[in-house]
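Q: If you scroll down you'll find the structure; I have some questions about it.
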Amino acid sequence: MADVFPESMDRLDYQNVNESIHTIEDYINYICQRVDFTYGKLFESIGTSGVLAVPIALTVSQLQKDVKELQNQLAGVSAEATSALNKVTRLETTVGDDNSGLVKAVNELQTTVQTILTTIGSDDTGHESGILGALKEVIIAIGSDEAGHESGILGELKDHEQRITALENQ
């Protein structure tokens, strides 16, 4: 306090109240002048030397760098998100729906396979129909059943062969 208020207040005379009040009033004025002077010099020093401005300037500079870095990171994330969105859009186009893309192609292929199976001739119960049914009828007509016994045309040919052999042996 001695630096700010180097002078002390004069002694008060308790017998003379008017003079004591005047002494207190003078000292209060002195205190106000010294405080104004001291703070004025302090703020003047800070303004010219930048003692407090330097840490604030460094902090602001670092915050500006941090904000710039965050903006760069955000731009990178935004670019990646846009790229991912473009890939999803292309994938949706490729996959398609019932009227386009892979879904349509798979549906058409499934229909074609079902048509081929129906044409070849195997139904859900395993009975031959279509081409398989016709082939089975031809095989039966030619004359070989599932057990390997000749019937139909082959059976008749075997019967004729046996008759011819029998006639030749006579």
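Q: What are the pairs with Cβ atoms under 9 angstrom where one residue, in the range 90-104, is surrounded by 11 or more Cβ atoms within 10 Å (Cβ to Cβ) and the other, located anywhere, is assigned to a loop (DSSP other than H, G, I, E, B)? Sequence gap at least six, or different chains.
A: Matching pairs, first to second residue: L102/G96; V103/G96; K104/G96; K104/D98.
Q: Please list, ordered by residue number, the helices (runs of 4 or more DSSP H) wholly in the range 88-170 having 3 or more residues that are more than 60 Å from the chain's Cα centre (by Cα), modelled with pLDDT under 80 and of a type outside the set (V, I, T). Write out each step before concluding.
A: Details: elements: 101-120, 130-142, 152-168.
Once the helices (runs of 4 or more DSSP H) in the range 88-170 are filtered for at least 3 residues that are more than 60 Å from the chain's Cα centre (by Cα), modelled with pLDDT under 80 and of a type outside the set (V, I, T), what remains is 152-168.
Q: To continue, here is another question. Quick one: is A75 small (G, A, S), in a helix (DSSP H, G or I) and modelled with pLDDT of 75 or more?
A: Numbers: small (G, A, S): yes; in a helix (DSSP H, G or I): yes; modelled with pLDDT of 75 or more: yes.
So A75 fits the description; yes.
The values are calculated or read from the model by the stated rules, or taken from the named source; none is laboratory data. No experiment lies behind these values; they were computed from the predicted model shown. As a convention, Cβ positions derive from the backbone with ideal geometry for all residues, glycine included, and neighbour counts pool all protein chains shown.
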